[in-house]
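See below for the structure under consideration.
Derivation of every value follows stated rules applied to the coordinates shown; laboratory data play no part. Computed from a predicted structure; not experimentally measured. Here Cβ is always computed from backbone atoms with ideal geometry, including for glycine, and neighbour counts include all displayed protein chains.
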Amino acid sequence: MRKLIIPLFSLALTVSCGTAKVSDGKTVSRSEASAGSVDKAFLSAYKTIKAEDLKKNLYVIASEEMEGRDTGSPGQKKAGVYMVNYYKNLGIPYPKALGSYYQKVPADFMRERGGSNLPDSENILAFIEGTEKPDEIVVVSAHYDHVGTKNGVVYNGADDDGSGTVAVMQIAKAFQAAKKAGHGPKRSILFLHVTGEEHGLFGSEYYSSHPVFPLANTVVDLNIDMIGRDDPENRGKQYVYVIGSEMLSSELKVINEAANKKTNNLELNYKYDDPNDPQRLYYRSDHYNFAKNNVPVAFFFDGIHEDYHKPTDDPEKIDYPLLEKRTQLVFTTAWDIANRPERITVDKK
Ligand SMILES: [Zn+2]
């Protein structure tokens, strides 16, 4: 999660913000109607999302060896290699049009946007092609950069955003398991690990201005940035903040709530959907580069806690069972959006 930059002037916000509407459960009954093997495939894929696997990957991604994963640094590239090998081992390819797992984000691009002195860096993309509507793309994203090393102290960024990084990896593994069982997603899924977030959302801005798949065909971005901890307001609770899910599509929030009810029934906290909230979280992570291009987004987040952007954001402080549940929620929402008969509509401005 990017540090808050106090705006010099307040922007005219065009967001709408209603009260939380409890789902009528339609989504659940629709998917249950097609029951049988699909439900079984969902369930066995879902069950592959395990705390122990998330933990194993996070202890690598947020290890000292990765040197805090600053944009373009050797440590970040090392983390990238680990991720690419992970996808290779699972048999999950890169998008054909890209020619590799890497989308270069040039130093010039970042410098023009205020990221001075950053070397070239890379977004990392893995892709599962849809079986029925391959041209419609569901994006699941997280940034894998963090703030690096300062005065010899490594900022491991286990929660920010190691947690989102390993969640995306785990969700990919679950979809791949379903595919191997003959139930690949109907729409395509892009697993998008962006760089340069901490310096200014550069990787996601680069992707949205150089999209590998047309943004007009991009159905949703489910963005995960910090889901492994709790904040002081919610200490010990089973919750997650969901941000932006009703900004562009009236269906997305309903789908996410139904997915939640069907699974772990976490408390979904919409506090940061308030456009007047001083934290301005809707603008502070990578989903915003999709939202500004009219792609519906939902941003999953655990709050601002005491180790946020501190060298103490370490893997041993992560609540792995809670990380598992939140990852399962994003997977279930992605599953529904990828497999429902009609793509979700953009019906709000
Ligand atoms: Zn951050």
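Structure data summary
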| quantity | calculated |
| --- | --- |
| Separation between Cα centres of the range 34-93 and the range 301-346, rounded to whole Å | 13 Å |
| GNM top mover of 113, 284, 187 - the chain, alpha-carbon springs below 10 Å | 113 |
| Residue list for the range 72-100, given a label point 7 angstrom along the Cα-to-Cβ vector of residue 111 and an amide N cut-off under 16 Å | 72 |
| Directionally averaged shadow of the chain, computed from the convex hull of its alpha-carbon atoms, nm² | 16.0 nm² |
| Translational diffusion of the range 177-223, µm² s⁻¹ [Kirkwood Rh, Cα pairs; Stokes-Einstein; 10 °C; 1.306 mPa s] | 127 µm²/s |
| Solvent-free Debye scattering, log10 I(q)/I(0), computed from the Cα coordinates of the range 259-349 at q = 0.12 Å⁻¹ | -0.50 |
| Among the listed pairs 253/349; 40/180; 3/253; 3/150; 96/180, those beyond 24 Å (Cα-Cα) | 3/253 |
| Among 307, 277, 221: highest mean-square fluctuation, GNM of the chain, C-alpha pairs under 10 Å | 277 |
| Normalised contact order of the range 196-349, rounded percent, pairs of Cα under 8 Å and 6 or more residues apart | 39 percent |
| Separation between Cα centres of the range 214-290 and the range 105-180, rounded to whole Å | 18 Å |
| Residue 98-residue 81 pseudo-label distance in nm [points 7 Å out on the Cα-to-Cβ vector] | 1.9 nm |
| Helical segments meeting 27 Å axial Cα length and Kyte-Doolittle -1.0 threshold in the chain (DSSP H) | 320-339 |
| Choice from 114, 303, 164 with maximal GNM fluctuation in the chain (Cα, 10 Å cutoff) | 114 |
